[in-house]
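Before any comments, here is the structure.
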Amino acid sequence: MDNRAFQITEALIAADIPIDGVAVDGQSYRIDYRPEATQEQREQAESIAASMI
Amino acid sequence: MIFIPGFGGSTDGGNMTGPASSTSGNFASFNGTDGKTLQDSGKSSSSFANASHTHAASDIASGTVATARLGSGTANSTTYLRGDQTWATVTASETVQNSICDGRLTLTSGTPVLTSSVTAATTLYFTPYNGSKIALYTGSVWEYLDFSEVSLSLSGYAANTNFDIWGYNNGGTLALEATAWTNDTTRATALALQNGVYVKTGATTRRYLGTIRTTGSTGQTEFSFGSSASGGGAAKLFVWNAQNRVRFSATVNDSTSSWTYTSASWRSTNNSTGNRVSFVNGLQIETFTADNSQVAASSPTTQFAAIGIGLNSTSAFSGLIGYINAAVGGHSRATLSALGVVGLNYVQGLEYAGGATMTFYGSSAAAYLSNGLNFNFFM
């Protein structure tokens, strides 16, 4: 089964980006940020996720 | 001079005297005690009431007794004689069963029970179902009205609003009208009971047929059974019948391949309100059932995951949760059986991560997966 959501989640947690979770559906993804996530962290997370799709 | 046989005359030698004039038809009577003087009594045969008589009923052997002798009121071809000796109009109240209401509210003409989703509906129908007769209150009695399918245009009806639907006799033809609610769970005009049947308060000729809800688009409603979609294909069951309810089932699947959740708190399945069944409920009289099925797994360090069902909540579960041991992963199911509130309700798939990253799999993750939210209700 598709485990990319888990893999991206672990990568974002390792980068200390505060998230609630990640969803992956085909070539699209969604990151559920926690409120304290800064704009810089969000941009970093998008970059990490996009590289793993 | 008048002569009365036995009271004088030529053989008795007595003379009777009378007044100089008299009223024709009046009886003569003695005036004084001499036995010879008469006067006009002032009384005629019409001055005296008939003496009462007693007869056996069998004495009436022919003819017809006048209806006025049988009872008060007007006797004619539309009245009958009641036990209290009153001529009364024949009304339907003696025979009408006011529970009769042979129709259902629906969104497709000629289809009282929908078997496929209808979205963006702009017309509501009341379609004959198991008959074509409805009992309506006139304000004093119940009467039957035969009807064919009638419709109600929803044009201009406010979005995201509940409406009660009433049926009434419009000059011999069944007609529909609607009353908007104050908010999602409060009627602007309360229901009233007339002989055990719900009618409109202050307008008892309006029989309560059910409640509908408009979607986010003005003048539109929906009755959809859910679908499989990324983020969940939400179902909207927005037509509730007060009579002749039948059981409907809606299923919502999330086709997302997989998603993760890392927090020890309840949230919507896949963080999406698409994993939801919304429904309108006119009366709090029947329970619904729902179950939420889900497959999840995680890394060995994760403790557990749980799934649940929120009743009008995205952050708290109702009913029984499903538990998934994260170390081995697997499938679980949450269930809920409850009375919804009157008005708008929703059941929402929920998820919870016990301590670390939990991965949930959608219905497209594998050919053998069919997770989702199932809902059953009589509507």
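Each reported figure results from applying straightforward, stated rules to the coordinates on display, with no laboratory input. As the structure is a prediction and not an experimental result, all values here were calculated from the model. Here the Cβ is made from the backbone with ideal geometry for all residues, glycine too, and neighbour counts use every protein chain on show.
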Packing-ranked peptide list from B:180-191, B:17-28, B:266-277, highest mean Cβ count within 10 angstrom first, is B:266-277, B:180-191, B:17-28
Residue mean of other protein chain beta carbons inside 10 Å, A:7-15: 3
How big is the dipole moment of the protein assembly as shown about its Cα centre under a simple scheme where the beta carbon of each Lys and Arg is +1, that of each Asp and Glu is -1, and everything else is neutral? Debye, nearest 20, please. 640 debye
Alpha-carbon centroids, region B:261-327 and region B:185-258: separation in whole Å: 23 Å
5 angstrom amide H check on B:Lys43, placed H, neighbours 5+ away: B:Phe27
Neighbours of B:Phe147 by Cβ distance under 12 Å: Lys/Arg at +1, Asp/Glu at -1, summed charge -1
Using a Cα-Cα cut-off of under 15 Å, which aspartates and glutamates could be cross-linked to B:Lys236, ignoring same-chain neighbours fewer than 8 residues away? B:Asp184, B:Glu222
List the lysines whose Cα sits under 25 Å from the Cα of B:Lys200, skipping any in the same chain fewer than 8 residues away. B:Lys133
Here region B:268-273 yields Karplus 3J(HN,Hα) values (6.51, -1.76, 1.60; θ = phi - 60°; whole Hz; Gly and Pro given as x) of 5, 3, 6, 6, 9, 7
Just check chain A against the gyration tensor rule for me: Cα atoms, a ≥ b ≥ c as the square roots of the eigenvalues, rounded for a/c under 1.5, and otherwise prolate or oblate depending on whether a/b exceeds b/c. prolate
Please list, in order along region B:209-221, the HN-Hα scalar couplings obtained from phi with the Karplus expression 6.51 cos²θ - 1.76 cosθ + 1.60 (θ = phi - 60°), rounded to whole Hz, x for Gly and Pro. 9, x, 9, 10, 9, 7, 7, x, 9, 4, x, 10, 9
Out of B:Ala135, B:Ala56, B:Ala235, any idea which swings most in a Gaussian network model of chain B, alpha carbons joined below 10 Å? B:Ala56
For chain A, the longest principal axis of the Cα atoms and the Cα long axis of helix A:4-14 enclose an angle in degrees, to the nearest 10, of 30 degrees
For region B:138-187, rounded, prolate or oblate, judged on the Cα gyration tensor with a ≥ b ≥ c (square roots of eigenvalues), a/c < 1.5 rounded, else prolate if a/b > b/c? oblate
Calculate the spin-label point distance for B:Leu283 paired with B:Asn76, positioning each point 7 Å from the Cα along the beta-carbon direction, and give it in nanometres. 3.9 nm
Modelling each spin label as a point 7 Å along the Cα-to-Cβ direction, I'd like the A:Arg42/B:Thr89 distance in nm, to one decimal. 7.2 nm
Mind checking which of B:Thr251, B:Thr37, B:Thr138 has the largest fluctuation in a GNM of chain B, springs on alpha carbons under 10 Å? B:Thr37
Any idea which of B:Gly330, B:Ala49, B:Ser21 is furthest toward the positive side of the dipole for the protein assembly as shown, if Lys and Arg beta-carbons carry +1 and Asp and Glu beta-carbons -1? B:Ser21
Using the alpha-carbon atoms, what tilt in degrees (0 to 90, nearest 10) does helix A:39-52 show relative to the longest principal axis of chain A? 20 degrees
Ranked by Cβ crowding within 10 angstrom, fewest neighbours first, how are A:Leu12, B:Leu38, B:Leu107, B:Leu81 ordered? B:Leu81, B:Leu38, B:Leu107, A:Leu12
Note on chain B: alpha-carbon gyration tensor, axes a ≥ b ≥ c; rule is a/c under 1.5 for rounded, else prolate if a/b larger than b/c, else oblate; result prolate
